[in-house]
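Here's the structure we're looking at; comments come further down.
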Amino acid sequence: MEGSTRTVAAVILDLLANEGVKKAFGIPGVHNLGFWNALSKDRPEIVSVRHEQSCVYAADGLARATGKLSVAITTTGPGAANTLGAFGEAAISGSHLLLISSEAPIKNRSADGARGILHEMDDQSALFTPLAKRVKIGNEDLVLAKSCKSAEEAVATVVDFLKFLSVAPSGVGYIGVPSDVLNQEFTQVIPDLSEKVVAYIAQEKNRKIDLDLAKDLLSGVNKIGIWAGGGATNSSGEIAALADHLSAPIFTSFAGRGVGGLSKNYLNIPIHESEAEQLLADCEALLIFGSQLDGMNTKNWSIKFPKKILLVDANPKIALRNISADVVLQTSDISSVITALKSLPTRISWADVTEISSQARKRIAASDKGKAGMTLVSAIEKSWPSENYIVCDMAISGYWTGVYLQAKRARQISYPVGWGTLGFGLPASLGPSAAGFATLVVCGDGGIAFGLGELATVAQEQLPLTILLHDDGGYGMLRFDQQVMKHPERGVNLFNPDWQVLAQSFGIEFIQTNLAQLSEVLAKRSVSSAPGIVLIQDPIYPPKSTSPRWSEK
């Protein structure tokens, strides 16, 4: 703390520290230096990355790993605008994230619009409005994207947004603060929550749900299934117990991988494989916890859902665009729903889910199209401890790892589908590795090129990060798309650097290996506290979870 007075920037950092934020991610700029000037041992460290987009990706990666609030800090105008792709990925994936940016100094602005101040724009928060979390308070819709104009407004907005963002469903917010306001001394008392926040909390707390409707729906139903999404990650153990009580197979979305993983009824293959799709079709009723049932997770809604649907979600509106439900329980209190459902009689086992998973994985591994992909997955399963973390990029190797790896726990794997942002992997991995998690990022040569500058961050911070780089000479998935659609291969074959020389230039360990030896290499890397790059170049065919293969029999 800097004596008895604090700047607005210092107050904001203290508020973040009170929320448990220990590390934020950002880049200093001429307008946001107030944050760096206010740094102290009692406030969050700001890990400096090399591109503004990376600071939001890194915060997103940390938020997905922990489920807790993560923060990115950037500067005015182009600095803020550079974050939009990553902000959108975090928003669509429901990450718990706050972006704070400086804005042009208020004292130099004109009431008639932008006048040409460095980095100025008319309404910086409007960039983020379409993606920021929305909260409904009675009949009022409030968007968590705001450009502030005074010290009092800035601090009050931070206080309110931190609480708004803590209420399910999780989402992202943006707060802009003029650069001269950031540096002002703040001598006022920290404000209490606004009336709107108090009303919102009371509204959500007092929301009534009819648990008897849920129990009545399942009365006399024997073949029950469970679909767990990213909104259910905090209820993994309870969902496993419910699955065992009802003998219910657990299907998961990409974001829900590992939810219920302790249950013998957890399905270790995605819905895109025929065995999983048939098992879902055999269910007489489906319990859906915290999932939007988006197109990528449902093959654009072409899979056959059971006739009876129970939907449990903090905000079921999006899921109800995609599926009809007999009973909808709008709540974030999954525990109370599970407690009620466990009062139902136990069901006899009607499907050997462990055997179905095992046989399907053996079938895939023995196939020409699946052998290399499953060898990759198996190598990671054998060598990378489940307490460590995995981040996947939009890459063929990432598609296999993110969807087919046997997740032992919720939040073990981060996978950007989602919005589907190529280049997510390396910068997102900065978040968990900076927080001390030994992290494996699985990416392709095309995706890593989006953020190669972050190798400097990796080296400077000496992060416990292993980069598993699959070099297939370009955008391998797009090349496959062109082949399937019988298009010419254009724009997908890329020039790449000498990866070994590149790694050496940053002082990062480099190992080139192949799929046959990968497990041994990763096992050594999994206990290393220093960064390293592991390069493989084996051909790998895309998995069935990718859209060009959905129509295959």
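The values are calculated or read from the model by the stated rules, or taken from the named source; none is laboratory data. Bear in mind the structure is a predicted one, so any value in this text is a computation, not a measurement. Heads up, the Cβs are rebuilt from the backbone with ideal geometry, glycines too, and the neighbour counts pull from every protein chain shown. Surface accessibility is based on the protein's heavy atoms, side chains included, excluding ligands, DNA and RNA. Shrake-Rupley method; radii C 1.70, N 1.55, O 1.52, S 1.80 Å.
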Candidate aspartates and glutamates for bridging to LYS342, where Cα separation is under 16 Å - those fewer than 8 sequence places away on the same chain excluded
ASP210, ASP212, ASP216, GLU238, ASP244, ASP333
Using only Cα atoms, what Kirkwood radius does segment 210-260 have, in angstroms?
11.5
Could you pull the accessible area for VAL328 with a 1.4 Å probe, rounded to 10 Å²?
60
Nearest 500 deg cm²/dmol is fine: what mean residue ellipticity at 222 nm does the chain get from its DSSP H runs of n ≥ 4 alone, each adding -39,500 (n - 2.57), divided by its residue count?
-10000 deg cm²/dmol
Sorted by chain and number, the residues with a modelled amide H under 5 Å from that of ILE46, at a separation of 5 or more or across chains, are ALA24
Keeping all protein chains in place and using 1.4 angstrom, which order do TRP419, TRP384 fall into by accessible surface area, from largest down?
TRP419, TRP384
Probe radius 1.4 Å, ligands and nucleic acids left out: which of PHE164, PHE305 has the largest accessible area, and how do the rest follow?
PHE305, PHE164
LEU286's amide H: which non-local residues (gap 5+, or another chain) put their own amide H closer than 5 Å, with H modeled 1.01 Å from N in plane and none for Pro or chain starts?
GLY225, LYS308, ILE309, LEU310
Considering just Cα atoms, how many Å³ per residue does the convex hull of segment 50-124 enclose?
87
Let me cross-check PHE437: its accessible surface, 1.4 Å probe, with only protein heavy atoms counted, in Å² to the nearest 10?
70
Based on C-alpha coordinates, I'd like the Rg and Dmax of segment 134-253, in Å.
20.8, 66
Student exercise, the chain dipole from Lys, Arg, Asp, Glu Cβ charges, in Debye to nearest 20
1160
Tally up the carbon and sulfur contribution to the accessible surface of the chain as a whole percent, 1.4 Å probe, everything protein left in place.
50
Could you name the lysines whose alpha carbon sits less than 19 Å from that of LYS317, not counting residues in the same chain fewer than 8 places away?
LYS133, LYS136, LYS205, LYS208, LYS308
For segment 397-549, what's the relative contact order in percent, using C-alpha pairs closer than 8 Å and at least 6 residues apart?
26
Taking amide H positions as placed in the peptide plane 1.01 Å from N, state which residues far from PHE506 in sequence (5 or more) or on other chains have amide H under 5 Å from it.
none
Mind putting a number on the dipole of segment 173-277 about its Cα centre? Charges go on the C-beta only, +1 for Lys and Arg and -1 for Asp and Glu, and I need it in Debye to the nearest 20.
260
Can you compute the radius of gyration and Dmax for the chain, using only the Cα atoms, both in Å?
24.0, 72
For the charge dipole of the chain, defined by +1 on Lys and Arg C-beta atoms and -1 on Asp and Glu C-beta atoms about the Cα centroid, which residue among PRO28, GLY77, ILE92 has the Cα displaced farthest towards the positive pole?
ILE92
Looking at ALA438, GLN53, VAL198, which one has the Cα that reaches farthest to the positive end of the dipole of the chain (charges on Cβ: Lys, Arg +1; Asp, Glu -1)?
ALA438
Using the Cα centre of segment 297-393 as the reference point, and only Cβ charges (+1 on K/R, -1 on D/E), how large is the resulting charge dipole? Debye, rounded to the nearest 20.
440
Taking N as the number of residues in segment 21-164, what value does Rg over Cα atoms divided by 2.2 N^0.38 Å take?
1.03
Where the eigenvalues come from the Cα gyration tensor of segment 72-114, what are the semi-axes √(5λ) of the equivalent ellipsoid, largest first, in whole Å?
26, 10, 9
Return one whole number: the accessible area per residue of segment 240-387 in Å², for a 1.4 Å probe.
41
How large is the accessible surface of ARG411 in square angstrom, using a 1.4 angstrom probe and rounding to the nearest 10?
50
Sequence-separation-based contact order of the chain, relative, with Cα cut under 8 Å and 6+ spacing, percent
13
Based on alpha-carbon positions alone, could you give the equivalent ellipsoid semi-axes of segment 445-553 from the gyration tensor, as √(5λ), descending, whole Å?
29, 17, 12
Percent antiparallel among DSSP beta bridges with both residues in segment 91-219, to the nearest 5?
35
In Å², and per residue, what accessible area does segment 447-489 have when probed at 1.4 Å with the other protein chains present?
41
